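The values are calculated or read from the model by the stated rules, or taken from the named source; none is laboratory data. Keep in mind that what you see is a predicted model, and the values were worked out from it rather than measured. Positions of Cβ are backbone-derived with ideal geometry, glycine not excepted, and every protein chain shown enters the neighbour counts. Accessible surface is based on the protein model in full, side chains and every heavy atom, while ligands, DNA and RNA are left aside. Shrake-Rupley method; radii C 1.70, N 1.55, O 1.52, S 1.80 Å.
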Amino acid sequence: GEVVPHSTQYRHDPDLRAMARYLKTLPAATPAKPPRAAPDDAAMVTGARLYEQHCASCHGAEGEGAPPHWPALAGNASVKAPLANNVVLSILKGGYSPTTAHTPQPHGMPPFHALSDSDVAALATFVRNSWGNAAGPVNPHQVTPLR
């Protein structure tokens, strides 16, 4: 989070392009995929209801988002990561883009700390397993220590 407001926003376009060209030369990581448990139907139903109630107005009915203000959740690498911590923390604590010269008042996502651990787990499970995403389900015991 500190890189954009304290560094990259001040780079000139040729430098940014050079950095992007270098990063594209790096080999892609191919981590081994452990077997994935199927999400519980009840969690998916609850998660869908919570998503419609709290998330769809910004992230879209199909998780498509509205870039650059609201990121897509469909196909999002952070959403599909082996560990669900990023998704759970985003739900619990919200998320805000860094302030830069070009975006002095960036859009943000409010925290949903009023949701129970079971609701957060169901919502995270739904997001991680909808719109082509396929990631492990989240249980309330994973949420509690992150709260």
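Residues of segment 85-115 with an amide N closer than 14 Å to a point placed 7 Å from the Cα of E2 along the Cα-to-Cβ direction: none.
Residue-wise HN-Hα couplings along segment 129-143, as the Karplus relation 6.51 cos²θ - 1.76 cosθ + 1.60 with θ = phi - 60° gives them from phi, are 9, 10, 6, x, 6, 9, 9, x, x, 10, 10, x, 5, 7, 7 Hz; Gly and Pro carry x. Using a probe radius of 1.4 angstrom, the carbon and sulfur fraction of the accessible surface of the chain is 60%.
Over the residues of the chain, the helix contribution to mean residue ellipticity at 222 nm works out to -11500 deg cm²/dmol, using -39500 (n - 2.57) for each DSSP H run of at least 4.
With Cα Rg over 2.2 N^0.38 Å defined as stated, name the option among [x] 1.11; [y] 1.07; [z] 1.16 computed from the structure displayed. The listed entry that was calculated here is [z].
Expressed as a fraction of 2.2 N^0.38 Å, the C-alpha radius of gyration for segment 1-70 is 1.74. A 1.4 Å probe run over the chain, with the rest of the protein chains in place, finds 65 Å² accessible per residue. Relative to the dominant Cα principal axis of the chain, helix 41-54 is inclined by about 50°. Answer with one residue from L16, A61, L73: the one whose Cα lies farthest towards the positive end of the charge dipole of segment 1-85, charges on Cβ with Lys, Arg +1 and Asp, Glu -1. Positive-most Cα among the choices belongs to L16.
Between V45, V87, V127, the GNM of the chain built on Cα springs shorter than 10 angstrom shows V45 fluctuating the most.
Ordered from highest to lowest accessible area with the whole protein assembly present and a 1.4 Å probe, H12, H102, H59 read as H102, H12, H59. Listed peptides 106-113, 69-76, 23-30 appear in the order 69-76, 106-113, 23-30 once ranked by packing, highest mean of other Cβ atoms within 10 Å at the front.
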